[in-house]
Amino acid sequence: MIVAMTADSTPDNVEEVKRRIEAHGLVAAVSQGVERAVVGVLGSIPPDLKDEMELLPGVMQVVVVSKPYKLASREFHPDPTTIQIGEATVGGPQPVVMAGPCSVEDEEQMVSTAKAVKAAGATVLRGGAFKPRTSPYSFRGMGLDGLKLLDLAKQETGLPIITEVMSPVDVDTVAQYADILQVGARNMQNYNLLDEVGQTRKPVMVKRGLAASYEEWLLAAEYVMSHGNEQVMLCERGIRGFEQFTRFTMDVAAIPVIQRLSHLPIVADPSHSTGKWYLVTPVALAAVAAGAHGLLIEVHPNPDIAKCDGPQSLTFDNFNLLMSQVHALESIRNHPVPA
Ligand code: PEP
Ligand code: MN
């Protein structure tokens, strides 16, 4: 952080700035220029320090140089993080495809989908047992019975599981079944949940909130990491725009931006971002081309009768087509050079 003083600030003003900085246990480096003084702040900057400095007499401008998130930042950790999930390396050279139904419905649906997505090349199985629904009257998932069916599908196929946990009180139970704990978009700023998943040593996927900035999203990851859980991946799943035709607006630029700001892997979800099955493959390809480390894709044996998100779910055949096109793109996808 840099505090620039006004041209007519007094030595007492500069002294007060220095005193306040030092009261936080930080180092104040004063540089007296010809026109004005500038004070550099060194150390771990508390979030409210900018506001405190701006209110002091003689202060012209406060510029925050380092990011409010530290553990998640590239500055702090220049090498990319990779997370091993079974045979898949999230953050490695190949995009990892996580596929399965929106929600777990029954044994036949889960096991047949697991086998189909595995045969097509997916290496992680998804399925929601605890579903965040806009209406309280919609199907809200099978809960513990759903987790057991995910486990069954895992036994049958060997595929590791990603599944959502919605409440801090369910974290321990879900962690017994999940290989990746998913924090949904609507819970991205549920700080008690972030604290709780941070206490586990399970990999966590933090989906981007419906209207979250990059900084807010990375601060959500920081919450998890602040408890010592460094296995965090992010997922761009579309944000709220004004367009009603698509369910959300996929922010493809988020993929290279996150790679610039952070060392954490970034996964893309073209299913929830578009809401329409025929948009899933084109948007998945755009995400992979942009450098996504993974894809989260909804697949259902019969999307017409899915209990949740049928219109955006791919049939097995369409998922096969998506996979063949993703493979074709793998060798030319973008590998951004860190800033
Ligand atoms: C999901 O992946 O099942 C889901 C509900 O996604 P989101 O939290 O992104 O809406
Ligand atoms: Mn869904």
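The values are calculated or read from the model by the stated rules, or taken from the named source; none is laboratory data. Everything numeric here is computed off the predicted structure, so don't read it as measured data. All Cβ positions, even for glycine, are placed from backbone atoms using ideal geometry, and neighbour counts span all protein chains on display. Ligands, DNA and RNA are excluded from the accessible area calculation, which covers all protein heavy atoms including side chains. Shrake-Rupley method; radii C 1.70, N 1.55, O 1.52, S 1.80 Å.
Taking amide H as placed 1.01 Å from N in the peptide plane, the amide H of residue 263 sits under 5 Å from that of 74, each at least 5 places away or on another chain. Using the Cα gyration tensor of region 56-141, with a ≥ b ≥ c the square roots of its eigenvalues, what is the shape: rounded (a/c below 1.5), prolate (a/b larger than b/c) or oblate (neither)? Here region 56-141 falls in the oblate category. Mind jotting down the distance between the C-alpha centroids of region 267-330 and region 1-41, whole Å? Region 1-41 and region 267-330 have Cα centres separated by 54 Å. Between amide H atoms placed 1.01 Å from N, distances below 5 Å from residue 295 occur with 96, 97, 98, 268, all of them 5 or more places distant or on a separate chain.
A straight Cα-to-Cα reach below 25 Å connects residue 50 with the lysines 18, 67, 70, residues fewer than 8 places away in its own chain not being considered. Here the Karplus relation 6.51 cos²θ - 1.76 cosθ + 1.60, evaluated at θ = phi - 60°, turns the backbone of region 49-58 into coupling constants of 5, 4, 4, 4, 5, 5, 7, 7, x, x Hz, with x for every Gly and Pro. The share of accessible area on region 83-330 that comes from carbon and sulfur is 52 percent, using a 1.4 angstrom probe. Averaged over its residues, region 188-239 has an accessible area of 35 Å² per residue, based on protein heavy atoms and a 1.4 Å probe.
For the chain, what is the mean residue ellipticity at 222 nm derived from helices alone (per DSSP H run of n ≥ 4: -39500 (n - 2.57); sum divided by total residues; nearest 500 deg cm²/dmol)? Calculated from helices alone, the mean residue ellipticity at 222 nm is -10500 deg cm²/dmol. Among the GluC sites (Glu not before Pro) in region 5-85, those placed in a DSSP loop whose Cβ has at most 11 other Cβ atoms within 10 Å are 35. Between 87, 243, 222, the GNM of the chain built on Cα springs shorter than 10 angstrom shows 243 fluctuating the most. Working note: Karplus 6.51/-1.76/1.60 with θ = phi - 60° gives region 192-201 the couplings 5, 5, 4, 4, 5, 5, x, 6, 7, 10 Hz, where Gly and Pro are set to x.
Taking every alpha-carbon pair within region 220-260, the share separated by more than 16 Å comes to 52 percent. Ranking of 217, 277 by solvent-accessible surface, largest first: 277, 217 (1.4 Å probe, protein heavy atoms only, all chains present). Taking the protein heavy atoms of region 2-63 in the context of the full set of protein chains, the accessible area attributed to carbon and sulfur is 54 percent at 1.4 Å. Taking every protein chain into account, the accessible area of region 2-63 amounts to 60 square angstrom per residue (probe 1.4 Å). Close amide-amide hydrogen proximity is noted between residue 85 and 90, each under 5 Å apart and 5 or more residues distant or on a separate chain (H modeled in the peptide plane; Pro and chain starts excluded). Cα-based radius of gyration for region 83-330, normalised by 2.2 N^0.38 Å, reads 0.90.
Using a 4.7 Å Cβ-Cβ cutoff, the cysteines of the chain lacking any partner cysteine are 235.
If we sort 329-335, 162-168, 199-205, 302-308 on the protection proxy, mean other Cβ atoms within 10 Å, highest first, what's the order? Please report the intermediate quantities before stating the final value.
Values: 329-335: 11.9, 162-168: 22.1, 199-205: 19.7, 302-308: 15.6.
Those peptides, ordered most packed to least, come out 162-168, 199-205, 302-308, 329-335.
Checking every one of the chymotrypsin sites (Phe, Trp or Tyr not before Pro) in region 226-264 against DSSP loop status and a limit of 11 other Cβ atoms within 10 Å picks out 242, 245.
For region 2-63, state the semi-axes of the equivalent ellipsoid (square roots of 5 times the eigenvalues of the alpha-carbon gyration tensor), sorted largest first and rounded to whole angstrom.
Its equivalent ellipsoid spans semi-axes of 18, 11, 10 Å.
The string of couplings for region 79-90 from the Karplus curve (6.51, -1.76, 1.60, θ = phi - 60°) is 7, x, 7, 10, 10, 8, 10, x, 8, 8, 10, 7 Hz, one whole number per residue in order, with x for Gly and Pro. Taking the DSSP bridge list for the chain and keeping only pairs wholly inside it, about 40 percent are antiparallel. The long axis of helix 144-157 is offset from the longest Cα principal axis of the chain by roughly 70 degrees.
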